[in-house]
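The values are calculated or read from the model by the stated rules, or taken from the named source; none is laboratory data. Because the structure is a prediction, the values reported are computed rather than measured. Cβ placement follows ideal geometry from the backbone for every residue including glycine, while neighbour counts extend to all protein chains displayed.
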Amino acid sequence: MSGATDSGLPPVQRVVTGHNADGRAIFKSEDVTPTAMIPSGDAAMLLLWTTATVPADNNDETDGRLREAGVTLEGGSVIRIVDMLPGKESPMHRTNSIDYGIVLQGEIELELDDGVKKTIGQGGIIVQRGTNHLWRNTTDTVCRIAFILIEAPAYRHNGVPLDEAKPEHVHPAYQQD
């Protein structure tokens with residue numbers, strides 16, 4: 001599939017490698033897929049790959065895109081593209097994961113639960129360590145971010161794990177059918 005995405009940005013090329021019967025490296029698949037609007041209307045997303053476990057099992061031949069995953073994948077990892085639309089924001093949320101966000105295009109504002117904000121521009125990298133936060137696009141252009149989320153135990157404050165609050169738990173528009 002190709003063509004414009006719901007966000008107006010170009011579709012995403014995904015190339016997957018693997019091994020042949022002789023143990024040699026091969027290209028297993030390649031596709032170009034657009035991001036698709038999520039029900040909340042604040043972003044268009046595309047799931048690229050998941051792993052069922054951490055560490056990953058490179059002998060698992062499942063196409064990682066076909067595995068059921070929410071924002072995170074319990075016990076595993078997820079990589080997705082998020083196109084945050086201009087003037088939109090996510091709900092405040094926290095996941096039991098370590099997340100690496102790489103701003104590919106545009107800029108995004110990251111707000112923590114105490115109201116402190118930072119703007120991360122193109123080429124910037126965010127390391128999100130299980131904190132309560134929201135994303136906001138304060139510009140008039142789409143911001144594209146690659147997010148890699150790896151399952152992690154809940155952060156413990158004074159020995160007590162902080163509750164997870166995934167977007168689908170805190171806002172009805174993020175609930176999956």
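For the stretch 92-104, the criterion of a residue being basic (Lys, Arg), at pLDDT below 95 and either surrounded by 20 or more Cβ atoms within 10 Å (Cβ to Cβ) or in a strand (DSSP E or B) (or both) is satisfied by at least one position.
The set of residues in the stretch 40-88 being among the polar types (S, T, N, Q), buried (at least 21 other Cβ atoms within 10 Å of the Cβ) and free of Cβ contacts under 8 Å to residues at least 60 places away in the same chain consists of THR50, THR51. Close contacts from the stretch 107-121, counting a first residue that is of a type in the set (Lys, Arg) and a second that is assigned to a strand (DSSP E or B) and at pLDDT 95 or above, with Cβ to Cβ under 6 Å and a gap of 6+ residues or different chains, come to LYS117/GLU109; LYS117/GLU111; LYS118/LEU110.
Quick grid of which residues meet (1) at negative phi; (2) at pLDDT 95 or above; (3) not in a strand (DSSP E or B):
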| position | (1), (2), (3) |
| --- | --- |
| PRO39 | yes, no, yes |
| LEU47 | yes, yes, no |
| THR50 | yes, yes, no |
| VAL54 | yes, yes, yes |
| ASN59 | yes, yes, yes |
| ARG65 | yes, yes, yes |
| ALA69 | yes, no, yes |
| LEU73 | yes, no, yes |
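Take the conditions (1) out of contact with any helix residue (DSSP H, G or I) (no Cβ under 7 Å at 6 or more places or on another chain); (2) surrounded by 15 or more Cβ atoms within 10 Å (Cβ to Cβ); (3) within 17 Å of HIS133 (Cα to Cα); THR33 misses just one of them, which is (3). The set of residues from the stretch 74-112 being closer than 30 Å to ARG24 by Cα and either within 15 Å of the chain's Cα centre (by Cα) or of a type in the set (A, V, I, L, M, F, W, C) (or both) comprises GLY76, SER77, VAL78, ILE79, ARG80, ILE81.
Pairs meeting the criteria (first residue in the stretch 162-176 and modelled with pLDDT under 75, second residue among the small types (Gly, Ala, Ser), beta carbons under 8 Å, at least 6 apart or on different chains) are GLU168/GLY70; HIS171/SER40; ALA173/SER40; ALA173/GLY41; TYR174/SER40; GLN176/GLY70.
With respect to (1) touching an Asp or Glu at 6+ places or on another chain (Cβ under 8 Å); (2) closer than 22 Å to ILE79 by Cβ; (3) exposed (fewer than 14 other Cβ atoms within 10 Å of the Cβ), the lone exception for LYS118 is condition (2).
Pick out the one residue from ARG67, ARG144 that is within 20 Å of ASP42 (Cα to Cα) and either more than 11 Å from the chain's Cα centre (by Cα) or not β-branched (Val, Ile, Thr) (or both).
Details: ARG67 fails: within 20 Å of ASP42 (Cα to Cα).
Of the residues listed, the single one that is within 20 Å of ASP42 (Cα to Cα) and either more than 11 Å from the chain's Cα centre (by Cα) or not β-branched (Val, Ile, Thr) (or both) is ARG144.
Restricting GLU111, GLU151 to residues that are surrounded by 14 or more Cβ atoms within 10 Å (Cβ to Cβ), within 23 Å of MET37 (Cα to Cα) and not β-branched (Val, Ile, Thr) narrows the list to GLU111.
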